[in-house]
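Okay, so here's the structure we're looking at.
The values are calculated or read from the model by the stated rules, or taken from the named source; none is laboratory data. Computed from a predicted model, the values in this text were never measured in an experiment. Here Cβ is always computed from backbone atoms with ideal geometry, including for glycine, and neighbour counts include all displayed protein chains.
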Amino acid sequence: MAINRRQFIKRSAGAVSVGLVMPRFWMGGLAHGQEIAAANRRIFLVIQLGGGSDGLNTVIPFTDSRYASLRPTLAFKDTELKDAQGNSTILGSDPFGLNPAMGEMKSLYDSGKAAIVLGVGYPNQNLSHFFATDIWSTANTTGAGNGWLGRYADQRLLGLSGLSAVNIGGSLPKAFFADKVVVPSISSFAAYTFQTDGRFAGDRNNQVNTFHATNTRTFPVSSFAAAIAHEGITAADGAAQLQSAVASYTSPVHYPVATDNPAPSQQVIQFCAALKMVAQIVTTIPDANLLYVQLGGFDHHSQEIGTNQDNFTNKLVGAHANLLRAVSLGIKLFYDDMEAHGLADNVVMMTWTEFGRRPNENASHGTDHGTVTPMFVVGNPVQGGRLYGQQPSLSDLDNAGNLKFKVDFRSVYGEIIDKWLGGDSQAVLGARYDAVGFLT
Amino acid sequence: MASLSFDEGAHLLRRAGFGGTPQEIDELSALGREGAVDSLINYNQIDNSALESLISANFNLTGDGINNGEIRRWWFTRMVFTKRQFEEKLTLFWHNHFATSASKVQALFMFNQNMLLRQLALDRFDNLLLKVSQDPAMLIWLDSITNVLGKANENFGRELQELFTMGINDVVTGEQNYTEQDVKEVARAFTGWNYRRQSPFPFQLTANQHDNGSKSIYPGTPWAQTGNLSGEDIITIVSARPATARYLTWKLFNFFVYPITSSAEDKATIDRFAKVYLNNNHSIKELVRAILTSDEFFSERAFFSLVKQPSEFIVGAIRMLGGTYNQGTNQRGSNTLSTASRNMGQDLFAPPDVAGWDFNLGWVSTATMLERFNFANTFLTNRNTGNPGVFITNDQLRSITKASSKKTVKRFLSRLGPLNAGEAIGLLRTYLETGDNGQPVTYVNDDATVDKKIRGLVHQIMCLPEFQLN
């Protein structure tokens, strides 16, 4: 296991070229709106929160006296559960409140668009970042093999546009590791183009043709060279399509940028920029239905809250609050953007993180690696505004002092595969798990 | 003494360094296998004063001037100009191994850690591990400074065992090397580790934050110990475990030789080299020497079996071609190289997480491949030779050309590997002999052709799958 956990030579095995045929309306001048918002379109956006986000500091069991005693520095009181506008973030009559940094998520919850699944984990949870991430990415507890979205893509996306599944970012997350489909990673549209010598525009065709010819030679099956060539061709061809498509994007939604006043945090800017890229892709490329974004930095062993000014005691600001604010705001802006493009009924979003954190805080105003974590599932198709699953007891912890899971994360995956993506969860996950119920 | 062919010398220099010109490869190959490896490993004997003068004249690395941009520019400048290539490569190995990031640690401490890594890169592993663990960068990075009596922070204790020494499961036997309880006990041994908040920021133990109670580690195994164990004790105990010898060997093989599989043959190989570590007082130098002189290192399986790291792709192209890098001056430098490397997935001084970078296909995505192709284009088409940045002149390129298109293609493929590119030779010849409208033209190595088609040719070679491999 240790040997293979971060290798995936199989990715190129038997790789076939995904069709890169230009959809007809890209050539013509048809209005995008109608085509893009096809009634049967099923867009799925996965949001990975890397590092192990503190679930107890996200969906807060504020009435539990054990919560307060385990977290003398970190615990919120009910009176503190108010967002920046002073609105309560307590979830109706339930004994939970959202972190005050998540005001936008609270509004989505209140309007029935956001569901929260409590107590998510799996048997014998692994406390290593890398094993745990592999387990969530592959949907099996050995963490070995292809990604669950990659398996889905191999089964369902062959023959579609090369941009039918897209990762926003520099490196491909393991969830997308596949045998047949190459999923592009795009970190910036400007850089996503095959450049040639600007001085000799007349030679560009020769350059592009030579690149194509040398990279479509036959390479040994399963070799690095084969995988590299396949990835390179996908990149160069996809780049041309992408450039022409996303140029047509317009939106009334403003995603935060560094020049805003007041200046947003780096986390907000970066995460919102990634979601804007997702919006640009899904509103201009009708096959682009499986999207992935990541936000890292959740490994808060220390200084989870506060800043230098408050000696790391102010729960309303600081490292975790910054990240949760980015998640909450980004998701809301993206939701609004989809609504503006007539796509709100066509999008489901899901957050995940490799583990939650230890209920008992450490001496660094932080928390060590833990187990269960809540998941957010957001979108018009979701039966939102309510809690699913079950919060584990803070009085019945495991030997390491961690929460015991109540809902297997593969139940959430399976429900999305079966009820939203039109796939077969048995075929993708290798077993069928009980549905949670957030999709009808 | 085993002889060393030109191709073997080129392989050794690409792996133990970044690659070189034909002259450098010839000089290395003439020393034979053991002699060549010795010359790379005994880098302290190589005069590097030209680089040190250039660094002191063009960098501000003092306490108030240092920043992340400056230390990245500094490291790439070293990689491009050093005569001690193995020093930079092995430092990169340890940087990846101890995977500390500027995302949490200030630039001065990142720089100091890098200096420590190069200073102890070939020392006993116990000593390297101890000094890195007691250095401010690591004390901050894995929260040792807030790991205190009664409220242990497990971050360092966990990663010490999972990532720096043994791995969760033994890479040969598959046995679990430690338990969650061991993580807790080990964390207690490191309580109170801190550093003085005054230059040169030495390590100190905060006595009243240290847990002097009894700790029990690895119960029921041959390495079981109980007592008032200190952090130093833990490092000594863990460094002596065969699991650590195997894990380090496994990591060195994956970095320098070829991807290790879970086959019985590979497990036997790891076990064999792990004994070099155990039989030589945990000497990194002897382990590395054994690996670099081994038949495994020079086996057919090893050649071009790894995907180039971004830093290897960038620095290698410059060094092999004889390109020019103008690093700029104090705080006004060129970070062309570090920016390109970051975009390709390797942001020096900021590995993605505590496990370091994901190698081989971990470097390969559509975004990172486009970055490689586009760096090649930038390198080859940058004609602003007066400014900081990386470029190659027409004269430098012309010196590599030949009168015929076929020989020219072969010469550049040899220069950039040597690469065995099969059918690509014909395709690249066709490129040289094709004009703007797709019509055939006759190849001549005149100025105009060099500036247009030879630049294009080298760009194309750098986009070959073969050139992405090491």
B:Phe201: passes all of (1) aromatic (Phe, Trp, Tyr); (2) in contact with a Ser or Thr (Cβ under 9 Å, 6 or more places away or on another chain); (3) in a loop (DSSP other than H, G, I, E, B) but (2)
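Looking at this structure, is A:Phe334 at pLDDT 95 or above and within 22 Å of B:Val105 (Cβ to Cβ)?
Numbers: at pLDDT 95 or above: yes; within 22 Å of B:Val105 (Cβ to Cβ): no.
Against the criterion (at pLDDT 95 or above and within 22 Å of B:Val105 (Cβ to Cβ)), A:Phe334 does not qualify.
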A:Leu118: passes all of (1) within 7 Å of chain B (Cβ to nearest Cβ); (2) under 23 Å from the mean Cα position of the chain (by Cα) but (1)
When (1) hydroxyl-bearing (Ser, Thr, Tyr); (2) under 26 Å from the mean Cα position of the chain (by Cα); (3) modelled with pLDDT of 95 or more are applied to A:Ser12, the one that fails is (3)
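When you go through B:Arg332, B:Arg415, B:Arg342, B:Arg398 one by one, which is the residue that is buried (at least 17 other Cβ atoms within 10 Å of the Cβ), more than 10 Å from chain A (Cβ to nearest Cβ) and of a type in the set (D, E, K, R)?
Values: B:Arg332 fails: buried (at least 17 other Cβ atoms within 10 Å of the Cβ); B:Arg342 fails: more than 10 Å from chain A (Cβ to nearest Cβ); B:Arg398 fails: buried (at least 17 other Cβ atoms within 10 Å of the Cβ).
It is B:Arg415.
Would you say A:Ser222 is at positive phi and at pLDDT below 90? Spell out how you get there, then give the answer.
Details: at positive phi: yes; at pLDDT below 90: yes.
Against the criterion (at positive phi and at pLDDT below 90), A:Ser222 qualifies.
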A:Gln383 meets each of (1) under 22 Å from the mean Cα position of the chain (by Cα); (2) buried (at least 19 other Cβ atoms within 10 Å of the Cβ) with one exception, condition (2)
Test for A:Gly121: is it of a type outside the set (Val, Ile, Thr), surrounded by 14 or more Cβ atoms within 10 Å (Cβ to Cβ), within 30 Å of B:Tyr178 (Cβ to Cβ) and modelled with pLDDT of 95 or more: yes
Notebook entry, point to check: Would you say A:Arg156 is surrounded by 20 or more Cβ atoms within 10 Å (Cβ to Cβ), more than 26 Å from A:Ser223 (Cβ to Cβ) and charged (D, E, K, R)?
Noted result: yes
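Out of A:Ala400, A:Ala435, I need the residue that is closer than 27 Å to A:Pro61 by Cα and modelled with pLDDT under 95. Which one? Outline the logic, then answer.
Values: A:Ala435 fails: modelled with pLDDT under 95.
Result: A:Ala400 is the single residue among A:Ala400, A:Ala435 that is closer than 27 Å to A:Pro61 by Cα and modelled with pLDDT under 95.
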Of the residues in the stretch B:418-449, those that are within 22 Å of B:Glu312 (Cβ to Cβ) and surrounded by fewer than 14 Cβ atoms within 10 Å (Cβ to Cβ) come to B:Asn420
Restricted to the stretch A:178-195 and to residues being surrounded by 23 or more Cβ atoms within 10 Å (Cβ to Cβ) and over 17 Å from A:Ser244 (Cα atoms), the residue nearest to the other protein chains (Cβ to nearest Cβ) is A:Ser185
For the stretch A:404-426, the count of residues that are part of a loop (DSSP other than H, G, I, E, B), touching a helix residue (DSSP H, G or I) at 6+ places or on another chain (Cβ under 8 Å) and under 18 Å from A:Thr371 (Cβ atoms) equals 0
Flagged in the stretch B:248-262 as free of Cβ contacts under 8 Å to residues at least 60 places away in the same chain, out of contact with any helix residue (DSSP H, G or I) (no Cβ under 8 Å at 6 or more places or on another chain) and closer than 19 Å to B:Ile168 by Cα, in numbering order, are B:Thr261, B:Ser262
So, first residue more than 13 Å from B:Val364 (Cβ to Cβ) in the stretch A:215-227, second residue basic (Lys, Arg) and assigned to a helix (DSSP H, G or I), Cβ within less than 9 Å, six or more apart or across chains; the pairs are A:Ser222/A:Lys10; A:Ser222/A:Arg11
**OP:** Might you let me know whether the stretch B:275-297 holds any residue that is crowded, with 20+ Cβ neighbours inside 10 Å, in contact (Cβ under 8 Å) with a residue 60 or more places away in the chain and farther than 30 Å from B:Leu51 by Cα?
**Re:** yes
Inside the stretch A:82-102, the number of residues satisfying the requirement of being in contact with a Ser or Thr (Cβ under 8 Å, 6 or more places away or on another chain), touching a residue at least 24 places away in the same chain (Cβ under 8 Å) and buried (at least 21 other Cβ atoms within 10 Å of the Cβ) is 6
Inside the stretch B:425-434, the number of residues satisfying the requirement of being at the interface with chain A (Cβ under 8 Å from one of its Cβ atoms) and without any contact (Cβ under 8 Å) to a residue 12 or more places away in the chain is 3
Of A:Ala68, A:Ala114, A:Ala132, the only residue that is surrounded by fewer than 20 Cβ atoms within 10 Å (Cβ to Cβ) and aliphatic (A, V, I, L, M) is A:Ala68
Counting only residues that are crowded, with 20+ Cβ neighbours inside 10 Å and in contact with a Lys or Arg (Cβ under 9 Å, 6 or more places away or on another chain), the stretch B:190-209 contains a total of 1
Out of (1) at negative phi; (2) facing chain A (nearest Cβ under 8 Å), the one B:Gly422 does not meet is (1)
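Which one of these is in a loop (DSSP other than H, G, I, E, B), touching a helix residue (DSSP H, G or I) at 6+ places or on another chain (Cβ under 7 Å) and away from chain A (no Cβ under 14 Å): B:Leu287, B:Leu348, B:Leu337, B:Leu278? Give the derivation first.
On the way: B:Leu287 fails: in a loop (DSSP other than H, G, I, E, B); B:Leu337 fails: in a loop (DSSP other than H, G, I, E, B); B:Leu278 fails: in a loop (DSSP other than H, G, I, E, B).
Within the list B:Leu287, B:Leu348, B:Leu337, B:Leu278, the selection yields B:Leu348.
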Exactly one of B:Asp211, B:Asp170, B:Asp143, B:Asp135 is among the acidic types (Asp, Glu) and closer than 26 Å to B:Lys275 by Cα, and that residue is B:Asp170
If we keep only residues of the stretch B:144-173 that are surrounded by fewer than 23 Cβ atoms within 10 Å (Cβ to Cβ) and among the charged types (D, E, K, R), then the residue modelled with the lowest pLDDT is B:Lys151
Tell me, please, whether a residue that is surrounded by 15 or more Cβ atoms within 10 Å (Cβ to Cβ) and in contact with a Leu (Cβ under 7 Å, 6 or more places away or on another chain) can be found in the stretch B:50-66. yes
- prompt: Is there a residue being surrounded by 23 or more Cβ atoms within 10 Å (Cβ to Cβ), within 14 Å of another protein chain (Cβ to nearest Cβ), over 15 Å from the mean Cα position of the chain (by Cα) and in a helix (DSSP H, G or I) anywhere in the stretch A:259-280?
  reply: no
Those helices (runs of 4 or more DSSP H) completely within the stretch B:112-181 that have 3 or more residues that are more than 11 Å from every other protein chain (Cβ to nearest Cβ) are B:125-133, B:136-141
Checking A:Phe376, A:Phe438, A:Phe355, A:Phe334 in turn, the sole residue that is aromatic (Phe, Trp, Tyr), within 14 Å of another protein chain (Cβ to nearest Cβ) and surrounded by 21 or more Cβ atoms within 10 Å (Cβ to Cβ) turns out to be A:Phe355
